[in-house]
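The values are calculated or read from the model by the stated rules, or taken from the named source; none is laboratory data. This structure is a prediction, so every number in the text was calculated from the model and none was measured. Counting neighbours? That spans all protein chains shown, and the Cβs are built from the backbone with ideal geometry, glycine included. Accessible surface areas use protein heavy atoms only, side chains included; no ligands, DNA or RNA. Shrake-Rupley method; radii C 1.70, N 1.55, O 1.52, S 1.80 Å.
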Amino acid sequence: MPIRRLPNGRLEVMLVTSRTTRRWIVPKGWPIKGLTAPEAAAREAYEEAGVIGRIGTEPAGRYTYWKRKSDHFVLCEVTLFLLEVERQLPVWAEQGQRQSQWFSPEDAADLVDEPELATAIRQATIALAA
């Protein structure tokens, strides 16, 4: 989950749209052979949102959701890792397929469809703000 701290100390969360339904989500993907879970999370954020930064090594939360496949749904469990964004590239792999935008944690939690993800966003950012 890409995050950044503004000069005034406030946190922001970056959301991206899914490619098919255009819903707001956090960058995520499948495990990648040869990479740890945090490294895979950082790679997905790079590919989906063009962001580079420092990835946390401890999970910041978890949630489940139903992934839509062409002919069925698959229940997926997502482990969230916080990525402290240092910069966003001007061009990245999925730039033309997704929209990315920074939101306050409250707005990000309100915009995502998955209730468990909304809760995870709220809990992770409350812990950072404390």
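Under the rule of -39500 (n - 2.57) per DSSP H run of 4 or more residues, summed and divided by the residues of the chain, what mean residue ellipticity at 222 nm is obtained, to the nearest 500 deg cm²/dmol? If you can, show how the numbers build up before the last one.
Values: 3 runs with 35 residues, N = 130.
Roughly -8500 deg cm²/dmol at 222 nm, from the helical runs in the chain.
Taking 0.36 nm per residue of sequence separation and subtracting the Cα-Cα distance, how much length would be gained by fully extending the chain between N8 and R54, in nm to one decimal?
14.5 nm
Taking every eigenvalue of the Cα gyration tensor of the chain, multiplying by 5 and rooting it, what semi-axes result, largest first, whole Å?
Details: eigenvalues 87, 58, 48 Å².
Square roots of five times the eigenvalues give 21, 17, 15 Å.
What the stretch 1-114 shows is 59 Å² of accessible area per residue, with the surface traced by a 1.4 Å probe over protein heavy atoms. Modelled spin-label separation between D71 and A37, with each label point placed 7 Å from Cα along the Cα-to-Cβ direction: 3.2 nm.
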